[in-house]
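Structure first, commentary second.
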Amino acid sequence: MTATSATPEKRTLADEAYTELKSRIMRSELAPGAKLSIDGLAKQLAFSQTPIREALARLESEGLLARRPLSGYTVEPLLSAAEFDDLFEIRMMLEPRAARRAAERGTPEIREPALLRSIPPGDGLAQVDASGLPAAEANALLAAARTPDAGSDKLEFTEADARFHNTVAALSGSAQLAKAIRRLDAHLHLHRAYIEPDSIGETEVEHLAVADAIIGQQPLAAEEAMRRHLERSRIRHRAAFEAARTTEPTPKPKRAKANR
Ligand SMILES: [Zn+2]
C-alpha cells in the first residue's frame, strides 16, 4: 500500500490525474493564481492523494504550477507584459537556432561526414541519408506541424503547438537546447488558451514552412521561417494576452486573497 515504486497501475492513475488537471488549468476552471489543495483535488476528482501529487509535480515541472514551501501549489499567474516580452525575446534567440540545427543535421555532410559518399547506394547506410531526415522523422515533423481544426478545443491547439516546437527542438540534436525551449514554452500554455480560432490556420501554414525547410535541408531558410513564425506568433499571442488580462472570466473564489 505504501510502496513508492511506480507500478503500471499507479502510473496510469497519475497520467489520468495529470490530464484532468491540465485540462482544468487550460480552461481556467483552475484559474491563474488559484491555490490548490491536494486533499481537495483528491476528493473532487475521486483519486487518492498519490496520483494527484505526481500529477502536480509534473505540472510544476512544465511550468504550469508553482510550488511554495508553506503554501503548496498554485496555478501560475498569467505573465506580466514585461515577462511576456522577455519570454518571446528568449524564444527568438533559441528557437530559430534549433530549427537551423535541425536542418543542418539532415545534411549528409553533418550526419555522416565523407563516409556516405564512399559507400555505394543500396548498402543500407546510404538510404538513411540520401534525402536528409529519415522518413519516420520527417513524417513525424510534418504531422506535428499540423494544427487541429479551428473549431476544436483550444487545449488541443495548445498541445499541438507545443508538440511542434518541442519536435523541432528535439531534432536540433542538443538536449540542452531542447530542454530550455520546452521549459520556456510551457509558460505560454496559459496564453494559448485565449488564442482566436483564426490564428490556428495561420499557425499551421507557418509551421509547415519551418518543417519544409528542415526536411529540405535548408538551414538558413529554416532559421528564417522559425523567426517569422515567432514574430507573427508574438503578435497573435499579444492580442490573446491583452484579452486574457482584461476579461478575467472566472469569479474569484472566496479564499483567493493570497492571489499574490
Ligand atoms: Zn508555433
Within the range 31-52, residues buried (at least 17 other Cβ atoms within 10 Å of the Cβ) and either among the hydroxyl-bearing types (Ser, Thr, Tyr) or at pLDDT 90 or above (or both) come out as Ala34, Lys35, Leu36, Leu41, Ala42, Phe47, Thr50, Pro51, Ile52
Exactly one of Ile200, Ile214 is surrounded by 13 or more Cβ atoms within 10 Å (Cβ to Cβ), more than 18 Å from the chain's Cα centre (by Cα) and either within 12 Å of the ligand (Cβ to nearest atom) or modelled with pLDDT of 90 or more (or both), and that one is Ile214
Where in the range 68-175 are there helices (runs of 4 or more DSSP H), lying wholly inside it, with at least 2 residues that are at pLDDT 75 or above? 81-105, 135-145, 154-171
Given (1) at pLDDT 80 or above; (2) under 15 Å from the mean Cα position of the chain (by Cα); (3) not hydrophobic (A, V, I, L, M, F, W, C), index of the condition His189 fails: (1)
Inside the range 160-182, the number of residues satisfying the requirement of being within 11 Å of the ligand (Cβ to nearest atom) and of a type in the set (A, V, I, L, M) is 3
Just checking, how many residues over the range 22-36 are part of a loop (DSSP other than H, G, I, E, B) and out of contact with any strand residue (DSSP E or B) (no Cβ under 7 Å at 6 or more places or on another chain)? 3
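The values are calculated or read from the model by the stated rules, or taken from the named source; none is laboratory data. Bear in mind the structure is a predicted one, so any value in this text is a computation, not a measurement. Ideal geometry is used to build each Cβ from the backbone, glycine not excepted, and the neighbour counts take in all protein chains shown.
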